[in-house]
Amino acid sequence: MTTDTTDTAGPVAHRFRHQLPLLIWLVLVWNLLWGTWSWANLLSGLAVALAVTVLLPLPPVTGGSRLRPLPTLSFLGWFVVDLISSGALVAWQTIRPSGIDRSAIITVQLRTDSDLLLTIVAESLSLVPGSMVIDMDRERRTLALHVLHVRDDADVERQRQSVLTQERRVVRAFGSPAEVAALGTAGRSAA
Amino acid sequence: MSALEVARDALAVVLLLSGALLCLTAGLGLLRFPDVLTRMHAGTKPQVLGVLLIMVGAAIRLQGWSATWMLLLVAVFQMLTAPVSAHMVSRVAYRRRHVRRDRLLVDELHTGAGVGDRVYRGDEPADAPPEEPGAALRESRREGRREGRREDGAG
């Protein structure tokens, strides 16, 4: 769908459209580094950003590039809550005398099929609920995670559910309608 | 000095100290946890949270927006890069079998029942030879023979 509209616009415009978020981000970083907003900073930042994107081209990120305000807020809120609770939990496990519980390596079948969304899911999972991504099978959409603090199989299942919940939050916030729909059908068929 | 400024300073002190404490627990975790995978947990979560708290505390204490933007950038890049580096290290650790299997409840990634480690207990040096070198050599020879036969059949 998106490729049709961009192919008619020509390869240069196509590339520019895909590089635009990166350009904006680079200009923003440049200005934040200088610490003040001015036209000189803006123009020099634009020059640096163009040089970086032309000299070091990256493959374009496609799919799932929209933003829903309310689910995004909910995702960010849960992210902060999870970040604080998991940080406190791991910190407590390092200082308590009995040390840590047993850990586990689990694989989780995800339902999303977008590079960008999978990246966000993996990044946020590594930061939040006591889990860390070890490996990812892009073809089968499975994620292998190492989780701290499991005592029995019920804990393992709880961790698996929390991973799927995290995925749902990310897709609801950033995914296309088709991806959100895929989430719902997959959840129903699994339940 | 007004009451508002005192309250602001107190908040900044609390944030800075708790952030420093969390970074300390990250260091403690590196010492106390048994293997690479669990140590990477200690290296990411309390440490990232600690850095974030220190950034917020510093932003409250420091005057001027230019410092605040810089601190915001530090926080953003910390959250972007820490998971990636932790993932790369733990992935390599898993593939080089630096895993304390006696401390694992389940390992769903480890496929096949016959390939379990019998000798290694995790925390071997990075250039440790394969377990039971004789068996590994026999395996590789068998693989080579099988491949050679397949090539003969194809040719």
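Against the list (1) closer than 30 Å to B:MET40 by Cα; (2) away from chain B (no Cβ under 12 Å), the condition A:ALA91 fails is (2). Here A:LEU116 clears all of (1) part of a helix (DSSP H, G or I); (2) modelled with pLDDT under 80; (3) hydrophobic (A, V, I, L, M, F, W, C); (4) open to solvent by less than 40 Å² (accessible area, probe 1.4 Å) except the condition numbered (4).
Listed by first and then second residue, the pairs linking a residue in region A:82-103 that is assigned to a helix (DSSP H, G or I) to a residue that is of a type in the set (D, E, K, R) and surrounded by fewer than 19 Cβ atoms within 10 Å (Cβ to Cβ), with Cβ atoms under 6 Å apart and 6 or more places separating them unless they lie on different chains, are A:THR94/B:ARG32. A count restricted to region B:1-54 and to residues that are in contact with a His (Cβ under 6 Å, 6 or more places away or on another chain) and open to solvent by less than 20 Å² (accessible area, probe 1.4 Å) stands at 1. The residues on offer are B:VAL74, B:VAL48, and the sole one that is in a helix (DSSP H, G or I), more than 9 Å from chain A (Cβ to nearest Cβ) and touching a residue at least 12 places away in the same chain (Cβ under 8 Å) is B:VAL74. Scanning region A:77-121 for residues that are out of contact with any strand residue (DSSP E or B) (no Cβ under 7 Å at 6 or more places or on another chain) and among the basic types (Lys, Arg), we see that the one that is nearest to B:ARG91 (Cα to Cα) is A:ARG111. The test for being closer than 15 Å to A:GLU167 by Cβ, open to solvent by less than 80 Å² (accessible area, probe 1.4 Å) and of a type in the set (Ser, Thr, Tyr) does not hold for A:THR53.
Within region A:108-120, identify whether any single residue is within 7 Å of chain B (Cβ to nearest Cβ) and touching a residue at least 24 places away in the same chain (Cβ under 8 Å), and answer yes or no. Taking every residue of region A:108-120 in turn, none turns out to be within 7 Å of chain B (Cβ to nearest Cβ) and touching a residue at least 24 places away in the same chain (Cβ under 8 Å). Residue count for region A:148-169 under the criterion of being among the aliphatic types (A, V, I, L, M) and either more than 9 Å from chain B (Cβ to nearest Cβ) or in contact with a Leu (Cβ under 6 Å, 6 or more places away or on another chain) (or both): the result is 4.
The values are calculated or read from the model by the stated rules, or taken from the named source; none is laboratory data. Keep in mind that this is a model prediction, so the values were computed, not measured. Cβ coordinates were reconstructed from backbone atoms using ideal geometry, including for glycine residues, and neighbour counts include every protein chain displayed. Side chains are part of the model used for accessible areas, which takes the heavy atoms of the whole protein and leaves out ligands, DNA and RNA. Shrake-Rupley method; radii C 1.70, N 1.55, O 1.52, S 1.80 Å.
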